[in-house]
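Working notes, beginning with the structure itself.
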Amino acid sequence: MAVAPVQGNWSTGLCDWCAAPGGFGTCLYAMCCLPCAYGSLVERLGNEVTCGGSCMGACCYYTLAYMFGINCVVHAGVRGHLRAKYGIPGDYCNDLMCTCCFAPCAICQETREVMIRNGGQ
C-alpha cells in the first residue's frame, strides 16, 4: 500500500521505525550499519548532496566524519537539504539534535521520505 506524501511536514514520524515504505528492514539496516544506511540515503538523492550520490563514497565519508566526531554535522546537512527540497519546516538546530541524538531514527525517516516522494523507490 502506497503512502501519500504529506505537504509541509514529514510524511512519517521520527519514531515510526517500522513504517512503510521500508518497514522493519530499513530500521534494522540503520541500526546495524549506520554509515551504510547513510550511504544508501545519499545514493537515493543522487548528486544533490555529498560524494556525488555515491553510496560507497558517502559511507566512507560518514565513517571518517564519525572518527572525528562530526558525523551528526554532516548528516544534519543532508537532513536540511531534504527539508528544503520538500518544503518541510524546521531549522538547523533541530536537524542537529535529531542527527546527534537519534541518528538511526533520522536516517530511517529521511529514507522513508525520499521513497514516498519518489513513488516508493
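Computed quantities for the displayed model
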read-out: Whole-Hz ³J(HN,Hα) from phi, Karplus 6.51 cos²θ - 1.76 cosθ + 1.60, for region 98-114, glycine and proline x; value: 4, 6, 7, 9, 9, 3, x, 5, 5, 5, 4, 4, 5, 5, 4, 4, 5
read-out: In sequence order, calculated HN-Hα J values of region 43-49 (Karplus, 6.51, -1.76, 1.60; Hz; x Gly/Pro); value: 4, 5, 7, x, 7, 6, 10
read-out: Helix 71-86 axis, angle to the chain major axis (alpha carbon atoms, nearest 10°); value: 30 degrees
read-out: Highest-first arrangement of 20-27, 71-78, where packing means the average Cβ count within 10 Å; value: 71-78, 20-27
read-out: Solution diffusion estimate, µm²/s, Stokes-Einstein, region 72-121, Kirkwood Rh from C-alpha pairs, 37 °C, viscosity 0.692 mPa s; value: 304 µm²/s
read-out: Burial ranking of peptide ranges 43-53, 103-113 (average Cβ count within 10 Å, highest at the top); value: 103-113, 43-53
read-out: Candidates Met67, Met56, Met31: whichever shows maximal mean-square fluctuation once the chain is modelled as a Gaussian network with Cα springs under 10 Å; value: Met67
read-out: Separation between Cα centres of region 1-78 and region 79-121, rounded to whole Å; value: 8 Å
read-out: Principal-axis tilt of helix 23-32 within the chain, Cα atoms, nearest 10 degrees; value: 10 degrees
read-out: Mean projected area (nm²) of the alpha-carbon convex hull when the chain is viewed from all directions; value: 6.5 nm²
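Just so you know, all these numbers are worked out from the coordinates, no wet-lab data involved. Keep in mind it's a predicted model, so treat the numbers as computed, not measured. No Cβ is skipped: glycine too gets one built from the backbone with ideal geometry, and neighbour counts run over all protein chains shown.
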